[in-house]
1. Take the residues of segment 89-98 that are in contact with a helix residue (DSSP H, G or I) (Cβ under 7 Å, 6 or more places away or on another chain) and crowded, with 17+ Cβ neighbours inside 10 Å: which is modelled with the lowest pLDDT?
2. In segment 99-140, what count of residues is obtained for those that are in contact with a strand residue (DSSP E or B) (Cβ under 9 Å, 6 or more places away or on another chain), surrounded by fewer than 18 Cβ atoms within 10 Å (Cβ to Cβ) and touching a residue at least 12 places away in the same chain (Cβ under 8 Å)?
């Protein structure tokens, strides 16, 4: 049975517990590993490292909470179906299901747009230097305008949508959609 684990930073982890395990030892061991601080201290001991102890917090570890879930608790495209979700890092647990935090998803999508935009800007830099070497002031002016248009995308491109599916389809016309 899958479990949703809320991490200290608010992100979610999905842990699959396979087979009958009434003590949830596999779940506790996974949560123990996820809860480790940067020192990676301690080794798992099923006698002392119960789910309750992990939820309270143990030395060298962050307290974590978890709950059972089903596939229907998760957003439409999810890792339980073998599909890497587009906005997985924007998932939030409401207690009854998992939703996509749309402001966070917009930030993730804009970061993807920026990565493609930055690649395009680098290409324009090369074209601009060639125009400078050739003394082509007309090409320089055109490329400078194109570069400014690319730089303005984060401030001018509207990512306002209601659903993650709508957000995935939004992409600036000035960029090829590779991300």
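The values are calculated or read from the model by the stated rules, or taken from the named source; none is laboratory data. Please read these numbers as outputs of a predicted model, since none were measured by experiment. Cβ sites come from the backbone with ideal geometry, for glycine too, and all protein chains shown count toward neighbours.
1. From segment 89-98, those in contact with a helix residue (DSSP H, G or I) (Cβ under 7 Å, 6 or more places away or on another chain) are 89-90, 97-98; that's our starting set.
Subsequent filtering for residues that are crowded, with 17+ Cβ neighbours inside 10 Å retains 90, 98.
On the way: 90: 91, 98: 87.
Only one residue fits best here, namely 98.
2. Of the residues in that region, 2 qualify.
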